[in-house]
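The structure appears right after this line, and notes come after that.
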Amino acid sequence: MKIVKFPVEKLPNIEFKLNEPLSKYTFTKTGGPADVLAFPKTREELVEIVDTARVNKVPITIIGNASNLIIKDGGIRGIVIILPNFHKIEVSETKVTAEAGATIINTTIAAQKAGLTGLEFAAGIPGSVGGAVFMNAGAYGGEIKDVFESAEVLLPDGHITTLTHEDMKFGYRHSTVQDDGGIVISATFALKRGNKATIQEEMDRLNELRRSKQPLEYPSCGSVFKRPKGHFTGPLIIKAGLQGHMVGGAQVSMKHAGFIVNIKHATATDYLNLIHLIQKTVKEKFDVELHTEVRIIGEDKK
């Protein structure tokens, strides 16, 4: 495992942590170290980091709120950027603009307080705005693309541009920024006027549904697999006899078989081995291929 050096000394005003365990930041509580973890406070600092990385040929990884993410036990080489300082949310007329590090949950709360409807489906999604746009996050029949208007994106060449709905080429858990290496800085959502009480009731209903069906009491990476055409993932895994099955400290949730939970100091390798077992078993028993929805990044531990 060769550590990639980033000249942090050239950016003395920016907060960096070296060889930082990413398990501190992921929802699974797993993941190896980042060579360098950066916490920019402003757009200018973010641009400085990207420019310095490009000049020094250091790879960049953004991890957002790390909710639908597995980072391998070998960690991530180069520089990892996390944006908790980018959390501003503004409402103007029927539009909500949120910075990439703001949580989707707080964005839905801001919309409700302003009497704006359209984001209720996202009331319990634990990710950041940047990650939600990146993944075209969705739940309960809604997706980010349904309300997305535009996003400010930092391109790999260091320029900031505005991408429209058409530019984003949204698909199932996909957007164009996954392909071009862009970093979402902020996003604007176009909503509609609604009744505050009715909006809150729908948010409460969906959050109760989430609590009753999902294993929120344990660390997890959210829904692990994309829904295969013509099937539901959870029932397939149950029929395969794998609900409750464990690899190391990772378990197929007893509450929802589409989730893998960390119940006993699991490692990322435990997660990945259990994912591969599920995929292999479901393919053998039902000839259905399960593809991961969760993003898997980093290096294997050597």
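The values are calculated or read from the model by the stated rules, or taken from the named source; none is laboratory data. All values derive from a computational prediction rather than experimental measurement. Cβ: placed from backbone, ideal geometry, glycine included. Neighbour counts: every protein chain shown. These accessible areas exclude ligands, DNA and RNA; they are computed on the full protein's heavy atoms, side chains included. Shrake-Rupley method; radii C 1.70, N 1.55, O 1.52, S 1.80 Å.
Some observations on this one:
- C-alpha center-to-center spacing [the range 64-110, the range 131-164] in angstrom: 11 Å
- Charge context of Glu289, other residues only, Cβ under 15 angstrom, K/R +1, D/E -1: +3
- Sites matching chymotrypsin sites (Phe, Trp or Tyr not before Pro) across the range 106-163 that sit in DSSP coil, with at most 16 neighbouring C-beta atoms within 10 Å: Tyr140
- Tensor-based shape of the range 246-302 (alpha-carbon gyration tensor, a/c under 1.5 rounded, otherwise prolate or oblate): oblate
- Helical content of the chain, expressed as a calculated mean residue ellipticity at 222 nm, amounts to -8000 deg cm²/dmol (DSSP H runs of 4 or more residues, -39,500 (n - 2.57) each, divided by residue number, nearest 500).
- Estimated FRET transfer efficiency (Asp180, Asn19; beta-carbon r; R0 35 Å; 0.05): 0.75
- Once both labels are positioned 7 Å from their Cα atoms along Cα-to-Cβ, the gap between Lys280 and Asp51 label points is 5.0 nm.
- In this structure, the amide hydrogen of Val36, modeled 1.01 Å from its nitrogen in the peptide plane, lies closer than 5 angstrom to those of Asn19, Gly78, Val80, counting only residues at least 5 positions away or on a different chain.
- Pairs of Lys residues in the range 202-267 that lie 8 or more places apart, or on two chains, and have C-alpha atoms under 22 angstrom apart add up to 10.
- Surface listing: Glu166, Glu149, Glu44 arranged by accessible area from highest to lowest gives Glu166, Glu44, Glu149, probe 1.4 Å.
- Unit charges on C-beta of K, R, D, E only; dipole of the chain, Debye: 920 debye
- Prolate/oblate/rounded call for the chain, Cα gyration tensor, a/c under 1.5 rounded: oblate
- Proximal aspartates and glutamates to Lys10, defined as alpha-carbon separation beneath 14 angstrom and excluding residues fewer than eight positions away on the same chain: Glu45, Glu48, Asp51
- The stretch between Lys41 and Asn207, if pulled fully straight at 0.36 nm per residue, gains 56.6 nm over its current Cα-Cα span.
- Antiparallel DSSP beta bridges within the chain, percent to nearest 5: 80 percent
- Taking Cα centre as origin and charging only the Cβ of basic (Lys, Arg, +1) and acidic (Asp, Glu, -1) residues, the dipole magnitude of the range 89-191 rounds to 300 debye.
- Between Ile105, Ile62, Ile14, the Gaussian network model of the chain with springs among Cα atoms under 10 angstrom shows the greatest mean-square fluctuation at Ile14.
- Using C-alpha pairs under 8 Å with a sequence gap of at least 6, the mean separation divided by the residue count of the chain gives a relative contact order of 19 percent.
- Ordered by 1.4 Å accessible area with all protein chains kept, His174, His291 run largest first as His291, His174.
- Net length gained if the chain between Lys226 and Thr198 were fully extended (0.36 nm per residue, minus Cα distance): 7.0 nm
- The alpha carbon gyration tensor of the range 70-163 gives principal lengths a ≥ b ≥ c with a/c of 1.5 or higher and a/b greater than b/c, which makes the shape prolate.
- Lysine-lysine proximity count for the range 57-200, Cα under 24 Å, sequence distance 8 or more or distinct chains: 17
- For the range 280-298 versus the range 195-260, the gap between their alpha-carbon centres in whole angstrom: 16 Å
- Within the range 160-201, none of the chymotrypsin sites (Phe, Trp or Tyr not before Pro) combine a DSSP coil assignment with at most 11 other C-beta atoms in a 10 angstrom radius.
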